[in-house]
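**Student:** Here you go, one structure.
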Amino acid sequence: MSENCIFCKIVAGQIPSKKVYEDELVYAFHDISPQRPVHILVIPKHHLTSLQQATPADEPALGRILSVANQLATKAGSPGGFRVIINNGDIGCQEVQHLHAHIVGGDQPVGPILKHLD
């Protein structure tokens with residue numbers, strides 16, 4: 001856990017969130033400023049800044065993020081498809097320095113590109 005990381009504090013229960021999924025590797029919750037009818041964040045429970053710092057030891061959590069995406073999107077109301085977005089570093093417009101995947105969808109097509117999600 002990183003003491004100053006907002007997502008680490010959410011995982012630790014120090015900051016409330018609207019949890020939709022949790023297991024030993026990942027934690028998922030509704031985005032507080034949703035850009036689509038379905039907008040869920042999925043994060044590794046251990047602190048990982050971004051994909052740029054990922055190592056083979058992070059593969060189980062990264063795989064779990066992707067493997068639960070369909071389950072979460074479908075359950076939240078996007079059975080016809082969804083988008084998974086992971087912003088990385090300054091060029092990728094990552095603002096929260098804890099890796100997180102945006103699972104976005106709904107009952108209408110997402111469109112070619114979503115506006116800034118972080």
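The values are calculated or read from the model by the stated rules, or taken from the named source; none is laboratory data. Quick caveat: nothing in here was measured; it's all calculated off a predicted structure. For neighbour counting, all protein chains shown are included, and Cβ atoms are generated from backbone atoms with ideal geometry for every residue, glycine included.
**Student:** Can you name every residue in segment 9-57 that is assigned to a helix (DSSP H, G or I) and surrounded by 11 or more Cβ atoms within 10 Å (Cβ to Cβ)?
**Tutor:** Correct list: K9, I10, V11, L51, Q52, Q53.
**Student:** For segment 8-42, give me each residue that is touching a residue at least 40 places away in the same chain (Cβ under 8 Å), out of contact with any Asp or Glu (no Cβ under 8 Å at 6 or more places or on another chain) and among the β-branched types (V, I, T).
**Tutor:** V20, V26, V38, V42
**Student:** Okay, moving on. For the list (1) at pLDDT 95 or above; (2) within 22 Å of K9 (Cβ to Cβ), I need the number of the one condition that A57 fails.
**Tutor:** (2)
**Student:** For segment 78-111, what are the residues that are in contact (Cβ under 8 Å) with a residue 24 or more places away in the chain, in contact with a helix residue (DSSP H, G or I) (Cβ under 7 Å, 6 or more places away or on another chain), in a strand (DSSP E or B) and of a type outside the set (G, A, S)?
**Tutor:** F82, I103
**Student:** Oh, and also: Criterion first (touching a helix residue (DSSP H, G or I) at 6+ places or on another chain (Cβ under 7 Å), among the hydroxyl-bearing types (S, T, Y) and surrounded by fewer than 17 Cβ atoms within 10 Å (Cβ to Cβ)) does S2 satisfy it?
**Tutor:** yes
**Student:** Please verify whether S67 is polar (S, T, N, Q), on the phi < 0 side of the Ramachandran plot and surrounded by 16 or more Cβ atoms within 10 Å (Cβ to Cβ), treating the condition exactly as stated.
**Tutor:** Taking the combined requirement at face value, the residue does not satisfy it.
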